[in-house]
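Notes follow once the structure below has been shown.
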Amino acid sequence: MAEDKKTKQEIERRRTFAIISHPDAGKTTLTEKLLLYGGAINTAGSVKGKANSKYAVSDWMDIEKERGISVTSSALQFNFDNYCINILDTPGHQDFSEDTYRTLMAADSAVMVIDAAKGVEAQTIKLFKVCVMRHIPIFTFINKMDRESKDFFELLDDIENVLGIKTCPVNWPIGSGKEFKGVYERDTKKIATFRSVATGGAKSAAETDYTMDDTELKTVIGDVLYNKLSEEIDLLDAASEELDMELVSKGELTPVFFGSALQTFGVETFLKHFLSMTTSPLPRISDKGEISPIDEPFSAFIFKIQANMNKAHRDRIAFMRICSGRYENGMEIFHVQSKRKLKLAQPQQILAGDRKGIDEAYAGDVIGVFDPELFSIGDTLTIPGKKFSYEGIPTFAPEHFCRITQSNTMKRKQFVKGITQFAQEGAIQIFQEYTAGMSEIIVGVVGVLQFEVLKYRLENEYGCDIRLEPLPFEYIRWIENYQEVDLSKLKHTGNVKIVKDMKERPLLLFVYEWMVQKTIDDNKDLHLKLVEFQKN
């Protein structure tokens, strides 16, 4: 009973969320500052960093350090105010949106970071729609208030009109840019004033708290901003939405916070409010119904696979979201897809590229385990005797294609291993000539930057120089009834290519969209999979 009580307490203090944003909105900087508060790191890295700078902890891959962008999601865990927090930091660039989608499958809520000067941007819209599909709570942090911003009410209208979600400001900014003086906390009615200090390893900007009737406040912020703040407070109290946590939990209302991640201002109050507003891990849907995180024994699913996190050992790590119960190092688990019992090797707590061994973990935690080339994205793990599967994780159809060839054919073995490994990670999809083996390999991706990452990683992790030849195909369709169709007699135009995927399933690549319908019309018995994504 004592063990059950401990498990319940540990699960209830877990919070697992993803951070999403358009590129350059400050997502990685905010992540770093949250880690500072949790004591997980001592100094924040420079995301844009020069050659001798410390890089952002969450950007651990070499290409991320060189380019100053996030190209893969990372998991980070730390403790703060008796909460155990699992942050899933996602790539902001749309070319890596599939990785972001998979990561959101492992999150219980999302933090949306918005640039105060730009408002809602294109990638924010795309990622937000993913959150809506998942019905997860969304919390908004409007960042870069120390720079000139759009009108504050316009920013709220932007969120409501473009994203279609109601807003409730939890705090309110006083000025922006050089005139940024602080924020008004609507619940306590206190004002935290802002004064820029050297960031370095500092955990907070210099700030002083006031109330609206403090005589010093007008001196600090000036009459103009004081009067403007008074008017805006009245307007907010009269017209803004109430903070209804039921609507927040449904993803219909987003609490909004203002601050500056770079200056570490507004970050702590955001974190404290966020932790009090979010819930501990919720039940997850399986093919046997809801699985309770507390009442059910250990279960989990794999949402990400990453090769070569440790280049010296050529390891392959599976990222596992624990959905129920307690995991203990050395326990026997059941891999539902292969129907095999096994013990997970080298369970680790993740801090981006850094790892440390663990003895236990609980529902809500994201941990890494060594993958003996058995796991696939979306796989379910349970204890022996419990046979159910969590919802599958979609694989999006690629939109860009290249023919890939080696510069040095002597490294054929390394080349095949490398591209196969990256395909298993889910970043790329590999196709071959339908009637041939690995003689010609076509790589398909959701975003063209994935080609650059593939080339970089093959060269740096496997020593394989490659050439990528762009192909004109833009549309892909799987052949649903391929076992009933003689593909050698398929009627199609010269700009249609028959290939097969890694599971030997045939599919068609088209240059133009009209070719899809023409091929269907010319082959009455052919059934093509006209879907946005296919499940594993």
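The values are calculated or read from the model by the stated rules, or taken from the named source; none is laboratory data. Remember, predicted model here, so these are calculated numbers, not experimental data. Counting neighbours? That spans all protein chains shown, and the Cβs are built from the backbone with ideal geometry, glycine included. Surface accessibility is based on the protein's heavy atoms, side chains included, excluding ligands, DNA and RNA. Shrake-Rupley method; radii C 1.70, N 1.55, O 1.52, S 1.80 Å.
Checked against (1) assigned to a loop (DSSP other than H, G, I, E, B); (2) surrounded by fewer than 21 Cβ atoms within 10 Å (Cβ to Cβ); (3) of a type in the set (A, V, I, L, M, F, W, C), Ile377 passes all but condition (2).
Going by the structure shown, is Ser276 at pLDDT 95 or above and farther than 25 Å from Ala117 by Cα? It is false that Ser276 is at pLDDT 95 or above and farther than 25 Å from Ala117 by Cα. Taken across the stretch 392-410, residues that are part of a loop (DSSP other than H, G, I, E, B), hydroxyl-bearing (Ser, Thr, Tyr) and within 23 Å of Tyr482 (Cα to Cα) do not occur at all. Yes or no: Lys178 open to solvent by 80 Å² or more (accessible area, probe 1.4 Å) and free of Cβ contacts under 8 Å to residues at least 60 places away in the same chain? Judged against the criteria, Lys178 is a match.
Note on the stretch 248-295: among residues that are open to solvent by less than 10 Å² (accessible area, probe 1.4 Å) and hydroxyl-bearing (Ser, Thr, Tyr), the one that is nearest to Cys323 (Cα to Cα) is Thr254.
Pairs are defined by a Cβ separation below 8 Å, a sequence spacing of at least 6 or placement on different chains, a first member in the stretch 472-487 that is over 11 Å from Arg505 (Cβ atoms), and a second member that is open to solvent by 40 Å² or more (accessible area, probe 1.4 Å) and aromatic (Phe, Trp, Tyr); the pairs so defined are Glu474/Tyr512; Tyr475/Tyr512; Leu487/Tyr434. Being out of contact with any helix residue (DSSP H, G or I) (no Cβ under 8 Å at 6 or more places or on another chain), at pLDDT below 95 and open to solvent by 30 Å² or more (accessible area, probe 1.4 Å) is the requirement here; does Met331 meet it? Criteria met by Met331. For the stretch 393-425, the set of residues classified as small (Gly, Ala, Ser) and surrounded by 16 or more Cβ atoms within 10 Å (Cβ to Cβ) consists of Ala397, Gly418, Ala423, listed by residue number.
Could you tell me which numbered condition Ala116 fails, if it satisfies all but one of (1) open to solvent by 20 Å² or more (accessible area, probe 1.4 Å); (2) in contact with a strand residue (DSSP E or B) (Cβ under 6 Å, 6 or more places away or on another chain)? If we test Ala116 against (1) open to solvent by 20 Å² or more (accessible area, probe 1.4 Å); (2) in contact with a strand residue (DSSP E or B) (Cβ under 6 Å, 6 or more places away or on another chain), just (1) comes out false. The criterion of being in contact (Cβ under 8 Å) with a residue 60 or more places away in the chain and touching a Lys or Arg at 6+ places or on another chain (Cβ under 7 Å) holds for Phe388. Val57 fulfils the conditions (1) touching a Leu at 6+ places or on another chain (Cβ under 7 Å); (2) modelled with pLDDT of 50 or more; (3) hydrophobic (A, V, I, L, M, F, W, C) except for a single criterion, (2). Do we have Asp371 as open to solvent by less than 10 Å² (accessible area, probe 1.4 Å) and among the charged types (D, E, K, R) here? Criteria met by Asp371. When you check Gln517 against the structure, is it loosely packed, with under 15 Cβ neighbours inside 10 Å and on the phi < 0 side of the Ramachandran plot, yes or no? It is true that Gln517 is loosely packed, with under 15 Cβ neighbours inside 10 Å and on the phi < 0 side of the Ramachandran plot.
Scanning the stretch 459-471 for residues that are open to solvent by less than 80 Å² (accessible area, probe 1.4 Å), free of Cβ contacts under 8 Å to residues at least 60 places away in the same chain and not hydroxyl-bearing (Ser, Thr, Tyr) yields Glu459, Gly463, Cys464. Counting only helices (runs of 4 or more DSSP H) that sit completely within the stretch 212-274, those holding 2 or more residues that are more than 28 Å from Gly26 (Cβ to Cβ) correspond to 215-221, 223-239.
What residue, among those in the stretch 159-175 that are without any contact (Cβ under 8 Å) to a residue 40 or more places away in the chain and not in a loop (DSSP other than H, G, I, E, B), is most open to solvent (accessible area, probe 1.4 Å)? Among them, the one singled out is Asn161. Evaluated against (1) under 22 Å from Pro281 (Cα atoms); (2) modelled with pLDDT under 90; (3) part of a strand (DSSP E or B); (4) not acidic (Asp, Glu), Ile322 falls short on exactly one condition, (2).
When the stretch 4-26 is filtered for residues that are open to solvent by 10 Å² or more (accessible area, probe 1.4 Å), touching a strand residue (DSSP E or B) at 6+ places or on another chain (Cβ under 8 Å) and in a helix (DSSP H, G or I), the ones remaining, listed by number, are Thr7, Glu10. Within the stretch 197-221, restricting attention to residues that are exposed (fewer than 12 other Cβ atoms within 10 Å of the Cβ), at pLDDT 85 or above and not acidic (Asp, Glu), the residue that is nearest to Glu179 (Cα to Cα) is Thr219. One residue alone among Ala110, Ala106, Ala122 is over 26 Å from Ser280 (Cα atoms) and either aliphatic (A, V, I, L, M) or touching a helix residue (DSSP H, G or I) at 6+ places or on another chain (Cβ under 6 Å) (or both), and that residue is Ala122.
Taking the listed residues Asp244, Asp287, Asp237, Asp295, the one that is modelled with pLDDT of 95 or more and more than 24 Å from the chain's Cα centre (by Cα) is Asp244, with no other qualifying.
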